[in-house]
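Colleague: Attaching a single structure in structure tokens format; questions to follow.
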Ligand code: GUN
């Protein structure tokens, strides 16, 4: 078997065309969607991510503001900037790029963002809404993008066994909740799981979100399974690669996402979608 590729780039292009139309409509109603991105320090990966997010806003007609600060910025100063953006009616989404320098309490910063502008979906109010199924929150962009890719191939999750590898607040935990909400039987595996292959071999869907190159190999995958690779790693030549051994696994899986060109572009697309949704929720 050779797996079908789930093309995150192509799906992103399609969705971003719709997002651009919605941005235009909201702008015509006097509520142009606006995203503020805060970057503290000079982490090279964060600089690339932030640049891509701002570019995606520009391409879709979303107003964007980039606030860059030196790594020496104090927590108090950062909280003051967030308070100002919380009160700014032109801004519907606030994103503080993580990781933050060690002297700043990340969770405190996340909780300082107004839940109404929490387009990353990291605030405890958004996490609670996802957990309970109540409306009003925002879903974290990476797992939401993964779910969109499953929907795009018309995959029916009800009754299927989904195995999520990784338990972060940003990907693993919210991914598991989204799959559960679709009536999948969900297993969460993590670094203390003694026999990972035992679980993945039984999976109809595998979401790998650990950050470990070559973690998922072909012998760990059931023939025909859907494999979603959230990993963003570098190989020995500095080339971007995921958590899944793509060459081997694509010989047994039914569907697979590539890295790059899979989950990555979808994460940014869902950020744009959340910003549109936030603008829509405001009364003009
Ligand atoms: N750092 C890595 N991924 C993310 C993300 O999705 N949002 C933010 N704010 N920071 C990140």
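The values are calculated or read from the model by the stated rules, or taken from the named source; none is laboratory data. The structure displayed is predicted, hence computed values, not measured ones. Cβ: placed from backbone, ideal geometry, glycine included. Neighbour counts: every protein chain shown.
Colleague: Among the candidates 14, 68, 53, single out the residue that is closer than 29 Å to residue 282 by Cα and not assigned by TED's automatic domain parsing to the domain that holds residue 102. It would help to see each step written out before you state the result.
Modeller: On the way: 68 fails: not assigned by TED's automatic domain parsing to the domain that holds residue 102; 53 fails: not assigned by TED's automatic domain parsing to the domain that holds residue 102.
The match here is 14.
Colleague: For segment 158-180, give me each residue that is touching a helix residue (DSSP H, G or I) at 6+ places or on another chain (Cβ under 6 Å) and either more than 16 Å from the ligand (Cβ to nearest atom) or at positive phi (or both).
Modeller: 162, 163, 164, 166, 177
Colleague: Within segment 207-221, can you find the residues that are part of a loop (DSSP other than H, G, I, E, B) and over 11 Å from residue 250 (Cα atoms)? Can you show your working first?
Modeller: So in segment 207-221, the residues part of a loop (DSSP other than H, G, I, E, B) come out as 209-215, 217, 221.
209, 210, 211, 212, 213, 214, 215, listed by residue number.
A quick yes/no check of all residues on (1) within 15 Å of the ligand (Cβ to nearest atom); (2) under 21 Å from residue 169 (Cα atoms); (3) assigned to a helix (DSSP H, G or I):
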site: 17; (1), (2), (3): no, no, yes
site: 31; (1), (2), (3): no, no, no
site: 37; (1), (2), (3): yes, yes, no
site: 42; (1), (2), (3): yes, no, no
site: 48; (1), (2), (3): yes, no, yes
site: 57; (1), (2), (3): yes, no, yes
site: 72; (1), (2), (3): no, no, no
site: 81; (1), (2), (3): yes, no, yes
site: 119; (1), (2), (3): yes, yes, no
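Colleague: Residue check: is residue 109 touching a strand residue (DSSP E or B) at 6+ places or on another chain (Cβ under 6 Å) and away from the ligand (no atom under 14 Å from the Cβ)?
Modeller: For residue 109, the condition - touching a strand residue (DSSP E or B) at 6+ places or on another chain (Cβ under 6 Å) and away from the ligand (no atom under 14 Å from the Cβ) - is not met.
Colleague: Additional query: Working carefully through the options 231, 264, find the one that is part of a loop (DSSP other than H, G, I, E, B) and surrounded by 21 or more Cβ atoms within 10 Å (Cβ to Cβ). First the steps, then the outcome.
Modeller: On the way: 264 fails: part of a loop (DSSP other than H, G, I, E, B).
Only one candidate passes the filter, namely 231.
Colleague: Given the residues 192, 209, which is the only one that is surrounded by fewer than 18 Cβ atoms within 10 Å (Cβ to Cβ) and at pLDDT 95 or above? Before the answer, list the steps.
Modeller: Details: 209 fails: surrounded by fewer than 18 Cβ atoms within 10 Å (Cβ to Cβ).
On inspection, the qualifying residue turns out to be 192.
Colleague: Still on this model: Do you know which residues across segment 169-206 are part of a loop (DSSP other than H, G, I, E, B) and free of Cβ contacts under 8 Å to residues at least 40 places away in the same chain?
Modeller: First pass over segment 169-206, keeping only residues part of a loop (DSSP other than H, G, I, E, B): 169-171, 182-184, 190-195, 201-204.
Within segment 169-206, 182, 183, 184, 190, 191, 192, 193, 194, 195, 201 meet the criteria.
Colleague: Here is a further query. Within segment 125-141, which residues are more than 13 Å from residue 177 (Cα to Cα), within 15 Å of the ligand (Cβ to nearest atom) and assigned to a helix (DSSP H, G or I)?
Modeller: Kept after step one, since they are more than 13 Å from residue 177 (Cα to Cα), are these residues of segment 125-141: 125, 135-138, 141.
Imposing the further condition that a residue be within 15 Å of the ligand (Cβ to nearest atom) reduces the set to 138, 141.
141, the sole residue that qualifies.
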